[in-house]
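These notes concern the structure reproduced below.
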Amino acid sequence: MRSDQVRLNNGMTIPIIGMGTYSFENDINTTENAVQTALKSFFRILHLSSERSNTMIQFLQMGYTHFDTAQIYGSEPALGNALGKAISNGFIEREDLFVTSKLWGSHHHDPVSALKQTLKRLGMEYLDMYLVHWPVRLKPWANHPLPEEEDFEKLDMETTWAGMEKCLEIGLCKGIGVSNMSSKKIENLLDFASVPPAVNQVEMHPMWRQKKLRDFCKDHRIHVSAYSAIGGPGNFWGSTAVVEDPIIQSIALKHKATPAQVALKWGISKGASVIVKSFNEKRLKENIGALDLNLEENDFLEIEKMEEKKIMRGDFYVNQTTSPYKTIQDLWDDEI
């Protein structure tokens with residue numbers, strides 16, 4: 001297994017740095033171009049592989065081959081177009097990619113149909129990982145990121161998970177998992193799951209360290225994948241607080257690294273894969289450079305001093321009438 005990958009409980013490997021494709025205002029061409037840029041380093045290794053030693057090939061392979069999308073992001077067609085062109089042009093094999101998408105709340109009643117639609121938009125025969133996006137079930141027409149009060153339905157995770165397992169059984173995906181789930185919600189899921197989740201994708205960065213959840217997932221061999229791994233700057237709900245924090249800035253200065261590289265390396269060092277969204281070529285290269293950064297024990301001790309603050313709280317899933325979550329503590333089971 002390569003040093004830039006982690007083994008999952010289902011035997012698959014997941015690259016530890018992934019490119020996120022969520023962008024609230026983004027158009028399809030911008031997303032497609034960004035994905036093509038992220039793939040460039042992998043294109044080069046295929047061109048040069050016959051001329052380089054195995055060691056050099058492995059080094060050059062540490063580009064972006066892990067891509068994260070979701071139905072609600074609206075980026076599935078753009079990602080599929082970019083990856084499809086790379087595959088058809090012989091630059092990369094489908095087997096060398098790790099593609100994740102997610103089940104939106106409006107499709108909890110039929111994950112199989114939802115995944116078939118996702119695959120159609122991506123132009124692919126299977127996903128590497130399919131995640132339940134939130135532990136929230138919405139009415140079938142509620143296909144927008146900020147649900148209204150009348151959009152909620154009663155959550156039935158047992159039925160939802162049975163549909164996810166069906167997706168796996170019929171070969172629409174190679175792995176299934178969850179996202180935005182607390183330790184308690186995963187524990188409840190494990191009571192009835194025939195197939196345990198391979199991944200729990202959650203917000204995680206130096207200002208939201210998720211120790212309790214990481215420990216729980218480690219005990220149950222569930223891999224934690226970190227979204228907003230540098231705080232989500234550039235997203236409508238994101239923040240620059242992580243990369244602007246004096247502790248992160250100081251560590252970056254000491255190591256001649258960027259604050260984003262420090263945040264990403266912190267997450268990787270905790271055993272997580274990290275998803276970071278950037279459509280800028282310079283930052284894409286900088287982010288992948290986190291693999292080469294070595295943090296010291298004192299750096300980790302300094303990061304532990306940072307005040308914790310969750311950025312993506314999910315307040316829009318909380319209401320007093322129709323939501324299963326009457327308070328924000330209900331949503332996160334006091335892990336907030």
**Study point:** Neighbour-limited loop hits for chymotrypsin sites (Phe, Trp or Tyr not before Pro), segment 132-161 (at most 12 other Cβ within 10 Å; DSSP other than H, G, I, E, B)
**Key:** Trp141
Exercise for review: Using only the Cα atoms of the chain, build the gyration tensor, take square roots of its eigenvalues as a ≥ b ≥ c, and label the shape rounded, prolate or oblate: rounded if a/c is under 1.5, else prolate if a/b is larger than b/c, else oblate.
Suggested key: oblate
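Mind listing which trypsin sites (Lys or Arg not before Pro) in segment 87-164 are in a DSSP loop and have 16 or fewer other Cβ atoms within 10 Å?
Lys154
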Exercise for review: Please give the per residue volume of the convex hull enclosing the alpha carbon atoms of segment 161-247, rounded to a whole number of Å³.
Suggested key: 111 Å³
Exercise for review: Give the Rg (one decimal place) followed by the Dmax (whole number) of segment 143-207, computed from C-alpha coordinates and expressed in Å.
Suggested key: 13.8, 40
Exercise for review: Could you please report the charge total around Lys310, scoring K, R as +1 and D, E as -1 over all other residues with beta-carbon less than 10 angstrom from its beta-carbon?
Suggested key: -1
Check your understanding: So what is the 222 nm mean residue ellipticity for the chain from helices alone, if each DSSP H run of at least 4 adds -39500 (n - 2.57) and you divide by all residues, rounding to the nearest 500 deg cm²/dmol?
Key -> -11500 deg cm²/dmol
Study note, to complete from the structure: Summing +1 per Lys or Arg and -1 per Asp or Glu among the other residues with Cβ less than 12 Å from Lys270's Cβ gives +3
Exercise for review: Determine the sum of side-chain charges near Gly163: Lys and Arg each +1, Asp and Glu each -1, restricted to other residues whose C-beta is under 11 angstrom from that of Gly163.
Suggested key: -4
Point to revise | Kirkwood-Stokes translational diffusion coefficient of segment 109-218, alpha-carbon pairs, 25 °C, 0.890 mPa s, µm²/s | key: 163 µm²/s
Exercise for review: With springs connecting C-alpha atoms under 10 Å apart, model the chain as a Gaussian network and identify which of Leu293, Leu146, Leu127 has the largest mean-square fluctuation.
Suggested key: Leu146
Check your understanding: If you average the sequence gap of Cα pairs under 8 Å that are 6 or more apart and divide by the length of segment 219-285, what percent do you get for the contact order?
Key -> 39 percent
Exercise for review: Return the long-range amide H neighbours of Ile176 (sequence gap of 5 or more, or a different chain), with a cut-off of under 5 Å between placed amide H atoms.
Suggested key: Tyr130, Ala198
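Going down the table (Lys139/Lys309; Lys256/Lys305; Lys256/Lys282; Lys116/Lys212), which pairs top 24 Å between alpha carbons?
Lys139/Lys309; Lys116/Lys212
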Practice item. Note the direction-averaged projected area, equal to a quarter of the hull surface, for the Cα convex hull of segment 204-336, in nm². Key: 9.0 nm²
Revision key, fill the gap. Segment 61-104, Kirkwood Rh and Cα Rg, ratio Rg/Rh at 0.99
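We did not get these values from a lab; they are worked out from the coordinates using the rules stated. Since the structure is predicted, the reported quantities are computational estimates derived from the model, not experimental observations. Cβ atoms come from the backbone with ideal geometry, glycine included; neighbour counts cover every protein chain shown.
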